[in-house]
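The values are calculated or read from the model by the stated rules, or taken from the named source; none is laboratory data. Owing to the predicted nature of the structure, the values given are computational and were not obtained by experimental measurement. We place every Cβ from the backbone using ideal geometry, glycine too, and count neighbours over all the protein chains shown. Heads up: the accessible areas ignore ligands, DNA and RNA and are worked out on the full protein's heavy atoms, side chains in. Shrake-Rupley method; radii C 1.70, N 1.55, O 1.52, S 1.80 Å.
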Amino acid sequence: MKTQVAIIGGGPSGLLLSQLLHKRGIDSVVLERKTKEYVLGRIRAGVLERGLLDLMREAGVAERVEKEGYSHDGTLISYGQEMFRMDFKELTGHGVMVYGQTEVTRDLYAAREAANGKIEFNVENVVINEADSKAPYVTYEVGGKSRRIDCDFVAGCDGFHGVSRNTIPGDVRREYEKVYPFGWLGILSETPPVNHELIYTNSERGFALCSMRNENLSRYYIQCSLSDSPNDWTDTAFWKELKRRIPPEQAETLITGPTIEKSIAPLRSFVTEPMRWGRLFLCGDAAHIVPPTGAKGLNTAASDVHYLYNALRDYYENDSEAGIDGYSAKALARVWKAERFSWWFSSLLHRYPRQTAFDHRIQIAELEFLRSNTAAQTAMAENYVGLPY
Ligand code: APR
Ligand code: PHB
């Protein structure tokens, strides 16, 4: 088989890139390790930056998010007995869209299928060959049969556990990592959200976040120990702990119910440099990971896709290699800003195991400064709604 762009990974990065390329008549094939049902079964964060929304419009997949998504102009931040609201719209002129990432992926699959896009599921033993040549090719197996795709370029959109990143030789690749000493225990419940906007909480007992998917589907998180497992937490124990961490008014009005999903995610900051080697380009979680605090995972994958899509357009439409030559530096410049913001926001809201009384007072001072200073709020808001591409 031959294609212009072989895309490894059928998550949001790979699908969005494939759909954008298709809109410009650039051919691609997506290779996905799992089934579509498995991919759509993953519960992920749910805050979309304006840049991602614009890309979804450009890709022709924004109809449902514009109908069913929830525009949020601000968020609440609480600490101790205090709480204040950040008005993103007033500070930046922009808000965010609350819409499950799973729904973004669902919309992308629907669009690729409507366009008869080539997606192969259940692929195994994917190998990216000759990436540093002008004729790369991908070999893989499906149903026990060996296959080969000859292509002009390979997009590594296969997430943190994929094969693309490690295709870049170890003496070329530089990796930066920070592992956080806690996790997030997250639940979904078919209950009305406790508040119409998100609530981020720094409490004596640890971080908590009140979010939602729709008016009868709530998403809650509490910081937990890395030694915890979801089975250690009954629904009753979760609700009791959440109520102890969120402001009293919300704790009183919180509507609880049976959880329909319960999982624990570790928190990590991670960046690979460079994001390009020869004709292999890394996008999304294949190249970088952020703690979920700032909801930057999918949104930073989206900016990678934007840069790579336009670089490939430049190559095919203008016969220019400027875009592909500049891709890694351009993508990394924004990646590191998202890493910084996600690290800062996580440092502000979580209780760290060896945190001293001084460290905690510094957190409170930072929160007080954020609460009282417009310049500080504007800086935070600009990062949260999404820095320009
Ligand atoms: N071959 C083919 N597919 C693979 C391979 C492989 N060797 N390894 C992984 N995959 C697939 C995974 O099954 C997954 O569907 O690649 C896809 C990667 O998707 P994500 O992990 O979701 O990463 P990405 O598309 O970059 O999404 C970025 O969106 O999904 C959210 O929050 C998540 O931060 C993440 C962001
Ligand atoms: C979510 O709704 O899952 C969510 C929202 C905001 C975050 C993280 C997760 O910062």
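Would you mind stating whether Leu40 is within 11 Å of ligand 1 (Cβ to nearest atom), more than 30 Å from Leu367 (Cβ to Cβ) and surrounded by fewer than 16 Cβ atoms within 10 Å (Cβ to Cβ)? Outline the logic, then answer.
Numbers: within 11 Å of ligand 1 (Cβ to nearest atom): yes; more than 30 Å from Leu367 (Cβ to Cβ): yes; surrounded by fewer than 16 Cβ atoms within 10 Å (Cβ to Cβ): yes.
Yes; evaluated as a whole, the condition is true for this residue.
Checked against the criterion of being more than 10 Å from ligand 2 (Cβ to nearest atom) and touching a Gly at 6+ places or on another chain (Cβ under 7 Å), segment 203-223 contains one or more residues that satisfy it.
Within segment 348-380, take every residue that is of a type in the set (Val, Ile, Thr) and open to solvent by 50 Å² or more (accessible area, probe 1.4 Å) and give me the one that is farthest from Glu90 (Cα to Cα). Residue satisfying both the conditions and the ranking: Thr356. Of the residues making up segment 281-292, those that are open to solvent by less than 10 Å² (accessible area, probe 1.4 Å) and either in contact with a Gly (Cβ under 6 Å, 6 or more places away or on another chain) or within 12 Å of ligand 1 (Cβ to nearest atom) (or both) number 7.
Which one of these is open to solvent by less than 70 Å² (accessible area, probe 1.4 Å) and either touching a Ser or Thr at 6+ places or on another chain (Cβ under 9 Å) or of a type in the set (Asp, Glu) (or both): Val127, Val138, Val123, Val142? If you could, list the steps in order and put the result at the bottom.
Details: Val138 fails: either touching a Ser or Thr at 6+ places or on another chain (Cβ under 9 Å) or of a type in the set (Asp, Glu) (or both); Val123 fails: either touching a Ser or Thr at 6+ places or on another chain (Cβ under 9 Å) or of a type in the set (Asp, Glu) (or both); Val142 fails: either touching a Ser or Thr at 6+ places or on another chain (Cβ under 9 Å) or of a type in the set (Asp, Glu) (or both).
Only one candidate passes the filter, namely Val127.
Of everything in segment 223-264 that is of a type in the set (D, E, K, R) and part of a strand (DSSP E or B), the residue that is surrounded by the most Cβ atoms within 10 Å (Cβ to Cβ) is Lys262.
Annotation: of all residues in segment 148-169 being of a type in the set (A, V, I, L, M) and part of a loop (DSSP other than H, G, I, E, B), the one that is most open to solvent (accessible area, probe 1.4 Å) is Val163. Being among the basic types (Lys, Arg), assigned by TED's automatic domain parsing to the domain that holds Gly284 and either within 30 Å of Met97 (Cβ to Cβ) or within 16 Å of ligand 2 (Cβ to nearest atom) (or both) holds for only one residue in Arg165, Arg173, and it is Arg165.
Arg50 - would you say it is within 15 Å of ligand 1 (Cβ to nearest atom) and open to solvent by 50 Å² or more (accessible area, probe 1.4 Å)? No. In segment 53-62, which residues are open to solvent by 50 Å² or more (accessible area, probe 1.4 Å) and either without any contact (Cβ under 8 Å) to a residue 24 or more places away in the chain or not in a helix (DSSP H, G or I) (or both)? Answer for segment 53-62, where residues must be open to solvent by 50 Å² or more (accessible area, probe 1.4 Å) and either without any contact (Cβ under 8 Å) to a residue 24 or more places away in the chain or not in a helix (DSSP H, G or I) (or both): Asp54, Arg57, Gly60. Whenever a residue of segment 208-234 is within 16 Å of Glu261 (Cβ to Cβ), its partners that are within 16 Å of ligand 1 (Cβ to nearest atom) and among the polar types (S, T, N, Q), lying with C-beta atoms within less than 9 angstrom and at least six residues away or across chains, give the pairs Leu209/Thr293; Arg213/Thr102; Ser218/Ser211; Arg219/Ser211; Tyr220/Ser211; Tyr221/Ser211; Pro230/Ser263. What number of residues in segment 121-135 are within 9 Å of ligand 1 (Cβ to nearest atom) and acidic (Asp, Glu)? The total comes to 1. Take the conditions within 16 Å of ligand 1 (Cβ to nearest atom), in contact with a strand residue (DSSP E or B) (Cβ under 8 Å, 6 or more places away or on another chain) and modelled with pLDDT under 95 and apply them to Arg219. Does it pass? No, not satisfied.
Looking across segment 64-107, not a single residue is open to solvent by 20 Å² or more (accessible area, probe 1.4 Å), among the hydrophobic types (A, V, I, L, M, F, W, C) and under 30 Å from Tyr38 (Cα atoms).
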